[in-house]
């Protein structure tokens, strides 16, 4: 087996566990190549020859995983996500067992599923454009403001930094959103608009109740209350009904689409997968990239179960 491990040594509290994984994975005759992300090893360079490997292991937090997977989209290279970060939300959505030895065994077994990825593009007030793939959530407004305020303390405080930054934003600005999705147009006022490729957040709370990683759609949510305190019913519903099938998500309006264009007036900050976008884009477009990623899964994965369930009924 030839295995490429792309690792961010600054990713988080589980960073050193990647070495236990490599020890459990390697057998006589294998070639395991480590590439450490940093100033002279960015994701494009680290993955330039990914097709020459039997599998690629991406080790880091959600931001690292997002950046590397964007480079690996549509390559069909088997990818194992190793949770080295603070929240590891994308890994949690995959649902593999988190122990290094178990992940090494999954890599050996080579069971894969093909899942979607989102693609985000935006236009800044000066006319410049940008794009990036996203694997979890991208958005404008309230969530971007939380990310901005938490950025300085996230490394030291982890997930608590996000909670504190939310409390420091009691009255986020309200914008008027024009949402064009698959030939339809809706207009709503709210404090944020998010698009999602995955749905499970901390504590197994499902933000987008109907979201799947293999349905060829992205999920869109507009947060409609005007004050942070008005989100308490949504938080309570998430705690009491993590799946979101019973109580739903109060104060959220949902759409699903293959492609969506969102315009915000006034323009607000934006983020994708926890990474802030410089400037304040007024308009962004998000679309699904169907089956763009080939992920390695084990028998515990939600994705493996869904794949087996769907094949039994075909």
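The values are calculated or read from the model by the stated rules, or taken from the named source; none is laboratory data. Small disclaimer: the values here were computed from a predicted structure and weren't measured. All Cβ positions, glycine included, derive from the backbone under ideal geometry; neighbour counts span all protein chains shown.
Out of curiosity, is residue 67 crowded, with 19+ Cβ neighbours inside 10 Å, at negative phi, out of contact with any strand residue (DSSP E or B) (no Cβ under 6 Å at 6 or more places or on another chain) and not assigned by TED's automatic domain parsing to the domain that holds residue 276?
Values: crowded, with 19+ Cβ neighbours inside 10 Å: yes; at negative phi: yes; out of contact with any strand residue (DSSP E or B) (no Cβ under 6 Å at 6 or more places or on another chain): yes; not assigned by TED's automatic domain parsing to the domain that holds residue 276: yes.
In short, yes.
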### Task
Just name the residue that is modelled with the lowest pLDDT out of those in segment 183-208 that are outside any strand (DSSP E or B) and over 16 Å from the mean Cα position of the chain (by Cα).
191
### Task
Sort out which residues of segment 8-55 are closer than 22 Å to residue 76 by Cβ and assigned to a strand (DSSP E or B), and write them in order of number.
31, 32, 33, 35, 55
### Query
Does segment 75-93 include one or more residues that are in contact (Cβ under 8 Å) with a residue 60 or more places away in the chain, in a helix (DSSP H, G or I) and over 15 Å from the mean Cα position of the chain (by Cα)?
no
### Message
Looking at the structure I just gave you, is residue 97 under 21 Å from residue 11 (Cα atoms), modelled with pLDDT under 90 and not in a helix (DSSP H, G or I)?
### Response
no
#### Entry: Hits in segment 50-63 (condition: farther than 12 Å from residue 5 by Cα and either surrounded by fewer than 24 Cβ atoms within 10 Å (Cβ to Cβ) or not assigned by TED's automatic domain parsing to the domain that holds residue 104 (or both))
51, 52, 63
## Note on the structure
How many residues of segment 297-314 are more than 19 Å from the chain's Cα centre (by Cα) and modelled with pLDDT of 85 or more? The answer is 3
### Query
Can you tell me which residues in segment 97-115 are crowded, with 17+ Cβ neighbours inside 10 Å and out of contact with any helix residue (DSSP H, G or I) (no Cβ under 7 Å at 6 or more places or on another chain)?
106, 112
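Per-residue answers, yes or no, for (1) out of contact with any helix residue (DSSP H, G or I) (no Cβ under 7 Å at 6 or more places or on another chain); (2) within 22 Å of residue 191 (Cβ to Cβ); (3) at pLDDT 55 or above:
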site: 225; (1), (2), (3): no, yes, yes
site: 233; (1), (2), (3): yes, yes, no
site: 242; (1), (2), (3): no, no, no
site: 259; (1), (2), (3): yes, no, yes
site: 265; (1), (2), (3): yes, yes, yes
site: 279; (1), (2), (3): yes, yes, yes
site: 295; (1), (2), (3): no, no, yes
